[in-house]
Every structure is written in C-alpha cells, then in structure tokens.
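Note sheet for the following structure.
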Protein chains: 2
Amino acid sequence: MPSQRRKFTREEPESRRADLIAATLDLMADAGPAETTVRAIAEEAGLSQGMIRHHFSSKEDLINAAYQAHMAGQLEGSERSVAGDTARARLARFVTASLTSPVVDPRALSLWAAFIHMVRRDPAMRATHEENYLAYRDRLEALVAATLAESGRTATSEELRRLAIACNAVIDGLWLEGGALPDAFAAGEIEAIGRASVAALLGLPLDDGTEE
Amino acid sequence: MPSQRRKFTREEPESRRADLIAATLDLMADAGPAETTVRAIAEEAGLSQGMIRHHFSSKEDLINAAYQAHMAGQLEGSERSVAGDTARARLARFVTASLTSPVVDPRALSLWAAFIHMVRRDPAMRATHEENYLAYRDRLEALVAATLAESGRTATSEELRRLAIACNAVIDGLWLEGGALPDAFAAGEIEAIGRASVAALLGLPLDDGTEE
DNA sequence: CGGTCAAATATACAAACGTATAATTCAATG
DNA sequence: CATTGAATTATACGTTTGTATATTTGACCG
C-alpha cells in the first residue's frame with residue numbers, strides 16, 4: 001500500500017505563522033490553556049504538529065507571538081474611531097469603543113485570564129503587557145484632561161490622576177462584567193452605562209456628540 | 001539497608017483536606033495552574049502524592065473544593081465589618097472592605113484568572129461561581145437602594161439596576177488594577193478612590209462615617 | 001523539464017502527567 | 001500487648017506532553 005502521506009501546498013512562512021497564531025488564540029479562548037497543546041494547535045490550523053517548531057523556536061515562542069498579536073488588536077479596537085470636534089466627544093467615543101465588541105467579549109476575557117500567569121513569569125510578555133496597559137491609561141488620562149480643560153474645569157495633577165484611575169476602573173469593570181456575563185446586558189447597554197458613569201465621575205455631561 | 005520510608009503522623013481527614021486545599025491555592029496563585037500538579041501539591045503540603053486521591057476522588061475534585069474555599073473567603077472579606085447607623089455608612093464600609101486586602105490582592109487576582117476557565121467548563125464550579133457573584137451584586141444593589149432611599153432620592157428599578165452595575169464595575173475595576181499593580185497605589189488610595197467614585201456615581205457624599 | 005532546497009509530514013523519544021495498586025505504619029481497641 | 005484497620009507512603013502503569021529527527025514533497029529556477 002502506498003504512502004498515505006497527506007497532500008499539502010507550500011505557503012509563505014508569514015502566512016503559516018499567522019495561521020498558527022490564529023489557531024492558538026482560538027484554542028486558548030475556547031478550550032483554555034490546558035487544552036492548548038501543540039497537537040491541538042496544529043489540528044486547529046489544519047497542519048501537522050511539526051510546523052510549530054518549524055516556524056517558531058518553541059511552543060512558548062508561539063504563545064508569546066499570539067499574545068502580542070492579541071494585545072495589538074485590543075488596543076486598535078479602543079483607538080478605533082476616536083474622533084470628534086470636541087474633547088468631550090472624543091472621550092465619549094473612546095469610552096464607547098472600549099466597551100464595544102470585540103474589545104468587550106467573552107473571548108477577550110478568556111484570553112486575558114489565560115495569559116496573565118504567563119505575563120507574570122515571562123519578562124518578554126510582561127514588557128508587552130505593561131506597554132499596552134500604560135498606553136491605554138495615558139490615553140485615557142489625556143482625554144480626561146482635555147475634556148476638563150475644555151469645560152473650564154481646573155484639576156491638580158493628583159485629582160487628574162485619581163479621576164483617570166476611576167474612569168479606567170469603571171471601564172475595566174464593565175469590560176469584565178460584559179465579558180463574563182454577555183447575556184446579562186442589552187445591546188448598547190454597557191456602552192451607555194460606561195458613558196454615563198464617566199460623566200458622573202467627571203461631573204460633566206458626556207453624550208456621544210455624533211448620535212442623533 | 002533498612003527502609004527509608006518517611007515517618008508520618010496520622011491526622012484527621014478534615015485536617016488533611018484543609019492542608020491539601022491550602023497547598024493547592026498557594027500553588028495556583030503563585031506558580032499558576034500549569035504548575036499545579038498532584039506531585040507539586042503533595043510536596044507543598046509536605047505529603048506523599050497518594051494523599052490527593054485518598055482524600056479526594058480526583059484532582060478535579062480537589063480543585064473544586066479549593067475554589068469553593070477561596071470564594072467563601074472572598075465574600076466573607078467583603079462582608080466584614082459592614083455596620084453603621086446609616087445606610088450611607090454601611091455602603092461606604094462595604095466599598096472599603098471590598099477594596100482592602102486580602103480581597104484586593106495579587107493572589108486573589110491570580111486565583112480568579114486561574115479558575116475562570118474551569119468555571120466556564122465545569123457545571124459544579126459554574127454554580128459555585130454564579131452563586132457567589134450574584135450574592136455580591138444583590139448585596140451591593142440593596143445597599144445602594146437603601147442609601148438612595150435614606151437621602152430621599154427616588155429611582156426606578158431600571159435606574160437602580162444601572163447604578164448598581166456601575167458601582168459594581170468601578171469596584172471590580174479597582175479590584176483588578178489593585179491586584180495587577182499593587183505597587184502603583186498608596187496605602188488606602190484604592191479604597192478612597194472607590195468611595196469617592198461610588199459617591200460621584202450616586203450623586204451623594206459618602207464618607208465612611210466612622211473615621212475621624 | 002530535471003535539480004534543488006526549504007516547507008511539510010511522519011515518526012520517535014524522554015519526561016511528566018493523573019491514576020491505580022501494593023506495601024507499610026501509626027494509633028486505637030479489647 | 002497483640003490485633004486490626006484506616007491513614008500514609010512507595011511504586012508502577014498507561015497516556016499525553018513538548019521536542020527532536022528522519023523522510024517526503026511541492027514549487028521555483030536554470
């Protein structure tokens with residue numbers, strides 16, 4: 001009987017790497033880290049398991065790459081369509097974008113939980129993590145500062161810091177609840193609560209500015 | 001050469017179970033779920049690995065028991081010293097207790113992340129999770145309702161729901177940030193931001209009532 | 001259109017995992 | 001103080017893991 005070796009087509013390494021990263025994130029989110037084995041990843045990607053060590057130096061290397069790809073996508077999601085004539089409108093849109101799918105998503109929450117232990121131990125992943133986290137926080141603080149200034153409100157840097165932390169917290173908390181209990185909220189409800197909460201924290205009205 | 005079998009003392013099954021649970025939580029929080037093997041647990045507890053299947057029907061059974069023990073401790077932490085003459089004071093103390101160690105703790109955050117995937121798959125753990133989560137949320141909503149009523153404020157059940165979600169979110173978010181970056185906040189800062197944020201969300205002053 | 005080389009597959013291997021079983025030892029009981 | 005039984009240790013077993021190696025194959029090039 002002749003070999004039953006399966007047929008395959010050659011692809012560019014970049015494409016194969018992307019496929020393996022996507023398969024890794026899918027498994028990590030749906031099945032969990034324990035089930036994310038090299039064999040499961042290869043099967044999910046429709047490849048043989050040898051491909052992992054052919055395109056990445058180790059499984060850990062692949063996990064790192066997957067984490068980086070995921071975090072980049074998350075930040076991009078929050079930055080999406082942050083525009084508007086006024087600082088107030090830009091802040092409102094930033095809050096809305098941060099609380100809209102796919103940023104708020106059971107999958108994103110699953111991935112966050114799956115990666116956090118690796119982040120704590122691996123310096124490379126830790127660096128990626130802190131970089132993205134602080135970028136988000138600074139972005140929010142700048143938007144809050146601009147919004148306060150625009151309304152003629154003055155705030156010390158200490159007050160500004162506390163306000164940014166509180167706004168960040170309410171967004172994080174809603175992100176967490178929305179991801180953990182996706183069916184517990186109506187469409188658009190989390191975004192609305194987020195905008196109203198940030199408005200209450202700042203003591204300013206904060207409608208989106210583009211809705212009618 | 002005679003046997004080098006190690007000496008041991010008999011303990012009550014309950015005590016051994018508690019030791020194994022404590023070792024499991026320590027490992028889960030510090031080393032992560034991947035390193036929490038039956039051998040590592042037994043070594044952490046100072047016992048032989050056979051003890052796990054002698055006192056629990058499987059490793060999974062032990063994990064379940066450890067999760068239950070952890071969650072019970074967390075809820076107890078938030079309920080601690082929730083007292084006061086006024087609803088406002090009780091709410092302030094509830095917020096404070098929810099944002100104080102050991103509720104806010106890198107260890108608690110680690111454990112939450114470690115368990116979330118198991119919670120999603122195992123019905124028994126899911127039941128434990130939802131029970132404790134909803135108990136917390138209902139407790140908070142009741143305190144918010146009482147505080148509003150005390151101040152002569154009226155709120156529809158829909159408004160109340162949204163306020164409770166927002167308060168819960170800011171507490172969750174601060175819990176998350178405090179656990180993730182414990183060195184980024186001064187002592188008592190998270191609690192203070194939490195009380196001020198809940199006050200701003202409700203539009204009511206919310207001092208602790210017992211501090212001087 | 002045959003030659004070449006990386007891309008792929010297939011297989012093998014040592015280590016570690018959860019579990020099962022056998023062999024001991026402590027402490028209570030009469 | 002001998003007996004007994006559960007608590008405990010020690011060892012073994014089959015499976016799965018990440019990794020290493022050998023073999024095959026598809027596509028590009030002269």
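The values are calculated or read from the model by the stated rules, or taken from the named source; none is laboratory data. Because the structure is a prediction, the values reported are computed rather than measured. Neighbour counts are summed over all protein chains in view; Cβ atoms, including those assigned to glycine, are modelled from backbone coordinates with ideal geometry. Calculation scope for accessible area: heavy atoms of the full protein, side chains included, ligands and nucleic acids excluded. Shrake-Rupley method; radii C 1.70, N 1.55, O 1.52, S 1.80 Å.
For every residue, the table says whether it meets (1) β-branched (Val, Ile, Thr); (2) farther than 23 Å from B:Ala108 by Cα; (3) touching a Lys or Arg at 6+ places or on another chain (Cβ under 9 Å).
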residue	(1), (2), (3)
B:Gln4	no, yes, no
B:Phe8	no, yes, no
B:Glu12	no, yes, no
B:Ala18	no, no, no
B:Ala22	no, no, no
B:Gly32	no, no, yes
B:Glu43	no, no, no
B:Leu47	no, yes, yes
Of all residues making up region B:43-96, the number that are more than 13 Å from DNA strand D (Cβ to nearest atom), within 14 Å of another protein chain (Cβ to nearest Cβ) and more than 30 Å from B:Leu143 (Cα to Cα): 2
Tally of residues being surrounded by 18 or more Cβ atoms within 10 Å (Cβ to Cβ), part of a helix (DSSP H, G or I) and touching a residue at least 24 places away in the same chain (Cβ under 8 Å) across region A:20-50: 8
Some residue of region B:113-131 being within 25 Å of A:Ile165 (Cα to Cα) and open to solvent by 30 Å² or more (accessible area, probe 1.4 Å): no
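Would you point out the residue of region B:90-105, among those that are in a helix (DSSP H, G or I) and in contact (Cβ under 8 Å) with a residue 40 or more places away in the chain, that is most open to solvent (accessible area, probe 1.4 Å)? Lay out the reasoning, then the answer.
We begin by selecting, within region B:90-105, every residue in a helix (DSSP H, G or I); these are B:90-98.
Add one more test, that the residue is in contact (Cβ under 8 Å) with a residue 40 or more places away in the chain, and what stays is B:90-96, B:98.
Numbers: B:Arg90: 76, B:Leu91: 0, B:Ala92: 0, B:Arg93: 59, B:Phe94: 2, B:Val95: 0, B:Thr96: 27, B:Ser98: 4 Å².
Among residues in region B:90-105 that are in a helix (DSSP H, G or I) and in contact (Cβ under 8 Å) with a residue 40 or more places away in the chain, the one most open to solvent (accessible area, probe 1.4 Å) is B:Arg90.
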Which listed residue is over 20 Å from the mean Cα position of the chain (by Cα), open to solvent by 40 Å² or more (accessible area, probe 1.4 Å) and not aliphatic (A, V, I, L, M), from B:Gln68, B:Gln4: B:Gln4
Residue check, A:Gly77 within 24 Å of A:Asn168 (Cα to Cα), out of contact with any Leu (no Cβ under 8 Å at 6 or more places or on another chain), open to solvent by less than 30 Å² (accessible area, probe 1.4 Å) and of a type outside the set (Val, Ile, Thr): yes
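Yes/no per residue for (1) within 13 Å of another protein chain (Cβ to nearest Cβ); (2) touching a strand residue (DSSP E or B) at 6+ places or on another chain (Cβ under 8 Å); (3) over 20 Å from B:Ser197 (Cα atoms); (4) at pLDDT 95 or above:
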| position | (1), (2), (3), (4) |
| --- | --- |
| A:Thr128 | no, no, yes, no |
| A:Asn132 | yes, no, yes, no |
| A:Ala142 | no, no, no, yes |
| A:Ala145 | no, no, no, yes |
| A:Leu176 | yes, no, no, no |
| A:Ala180 | yes, no, yes, no |
| A:Ala192 | yes, no, no, yes |
| A:Asp208 | no, no, yes, no |
| A:Glu212 | no, no, yes, no |
Scope region B:27-42; condition within 14 Å of chain A (Cβ to nearest Cβ) and more than 10 Å from DNA strand D (Cβ to nearest atom); matching residues: B:Leu27, B:Met28, B:Ala29, B:Asp30, B:Ala31, B:Gly32, B:Pro33, B:Glu35, B:Thr36, B:Thr37
Residue count for region A:19-46, restricted to those that are out of contact with any helix residue (DSSP H, G or I) (no Cβ under 8 Å at 6 or more places or on another chain) and away from DNA strand C (no atom under 11 Å from the Cβ): 1
Members of region A:151-162 that are touching a Leu at 6+ places or on another chain (Cβ under 9 Å) and either open to solvent by less than 60 Å² (accessible area, probe 1.4 Å) or more than 14 Å from A:Leu201 (Cα to Cα) (or both): A:Ser151, A:Thr154, A:Ala155, A:Leu160
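Would you confirm, using the coordinates I've provided, whether B:Glu11 is away from DNA strand D (no atom under 16 Å from the Cβ), open to solvent by 60 Å² or more (accessible area, probe 1.4 Å) and more than 14 Å from every other protein chain (Cβ to nearest Cβ)?
no
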